[in-house]
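Worksheet for the structure shown next.
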Amino acid sequence: MSRLTAHWHQMISNACFGLLPAIPYAPTDDAACQGVAINAHNLAVAPAPGSPLAFSGANFEIPCGCRTALIGANGSGKSTLLRALAGLTPIASGEVKVLGAKPSLGRSRIAYLAQKPSFNQDAPLLLRRLVQMGTYSHHGWFEECEHGDEAVDRALSRLGLLELSERSVHTLSGGQLQRGLLARATVQGAELLLLDEPFAALDQTSREIVESFLFNPDNSFTVVMATHDPADSQRFDRILELKNGQLTTVHACAGHTHRHA
């Protein structure tokens, strides 16, 4: 290879690797929630392609800042609806807008917490690193990013986990892990929390911490939380029920522009 060819090869290589950090990990999604967080019209979703519909003809609206309980028996389609809103399950028909756009993966403004989160048992992962992952969606794929230790510490503290920050996630209880995922959503800056039966794995201490976090008036995020226990829904502003393949709005407060009370 001649000196001139080598020189041009190096220039091109440097230019390519200089561009890589700018390639975003997730689509730019910076506009704040305004008015309506979720709006669905005649929505129908199946849990998997080719399977029977979990529900159809669903029409509902969730205002920004509203805490919404999604109730229904086991198998009624609650998880399917949350996965559709998160962009994990395609809709069969109808239309839904989530924070002004069609559901899609990788949106930093949305955090989805599965009912039974799992991690590779062979992969070492500390709780602090799990929470730090909330910053990743704000950086490029190859960008050397700051992990925001202060923000991570604040989130861990809010969820009562600071003293467990150096523990492996594999040694945490179900309730501690759920709180860790909520801390990650806080660091992420998520405006919409989609929570699938988060209370199911919580002991009383964890439940009190999570409830305090979700219903803190200083938090402006929107919550959609699935539960099969109607008693869990009493503190929520809005209640949606899935039953026999149909979704109905059981309770919806009115008269507040930002958050129902």
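For the range 180-199, residues that are in a helix (DSSP H, G or I), among the aliphatic types (A, V, I, L, M) and in contact with a Ser or Thr (Cβ under 8 Å, 6 or more places away or on another chain) total 1. Against the criterion of being over 25 Å from GLY174 (Cα atoms), part of a loop (DSSP other than H, G, I, E, B) and open to solvent by 40 Å² or more (accessible area, probe 1.4 Å), PRO90 qualifies.
Among the residues examined, PHE119 does not qualify as part of a helix (DSSP H, G or I), under 20 Å from the mean Cα position of the chain (by Cα), of a type outside the set (Gly, Ala, Ser) and modelled with pLDDT under 90. Answer yes or no: is there a residue in the range 106-113 that is among the hydroxyl-bearing types (Ser, Thr, Tyr), open to solvent by 70 Å² or more (accessible area, probe 1.4 Å) and more than 18 Å from LEU247 (Cα to Cα). Scanning the range 106-113 turns up no residue that is among the hydroxyl-bearing types (Ser, Thr, Tyr), open to solvent by 70 Å² or more (accessible area, probe 1.4 Å) and more than 18 Å from LEU247 (Cα to Cα).
Taking the range 51-66 as the range and being out of contact with any Pro (no Cβ under 7 Å at 6 or more places or on another chain) and open to solvent by 10 Å² or more (accessible area, probe 1.4 Å) as the test, the residues that pass are SER51, PRO52, LEU53, SER56, GLY57, ASN59, PHE60, GLU61, PRO63. Only one of PRO103, PRO47 is in contact with a helix residue (DSSP H, G or I) (Cβ under 9 Å, 6 or more places away or on another chain), in contact (Cβ under 8 Å) with a residue 24 or more places away in the chain and part of a loop (DSSP other than H, G, I, E, B). Can you tell me which? It is PRO47. Of all residues in the range 214-240, those satisfying the criterion of being open to solvent by 10 Å² or more (accessible area, probe 1.4 Å) and part of a helix (DSSP H, G or I) are PRO230, ALA231, ASP232, GLN234, ARG235.
Selection of the range 165-179 for residues being part of a helix (DSSP H, G or I), surrounded by fewer than 20 Cβ atoms within 10 Å (Cβ to Cβ) and in contact with a Ser or Thr (Cβ under 9 Å, 6 or more places away or on another chain) yields only GLY174. Restricting the range 67-79 to residues that are touching a Pro at 6+ places or on another chain (Cβ under 9 Å) and not in a loop (DSSP other than H, G, I, E, B), the residue that is least open to solvent (accessible area, probe 1.4 Å) is ALA69. Every listed requirement among (1) open to solvent by less than 40 Å² (accessible area, probe 1.4 Å); (2) within 18 Å of the chain's Cα centre (by Cα); (3) modelled with pLDDT under 60 is met by LEU82 save one, (3).
The values are calculated or read from the model by the stated rules, or taken from the named source; none is laboratory data. Treat the numbers as computed from the prediction; the structure is a model and nothing was measured. Every residue, glycine as well, gets a Cβ built from its backbone with ideal geometry; the counts of neighbours run over all protein chains shown. Surface areas here come from the heavy atoms of the whole protein model, side chains and all, with no ligands, DNA or RNA. Shrake-Rupley method; radii C 1.70, N 1.55, O 1.52, S 1.80 Å.
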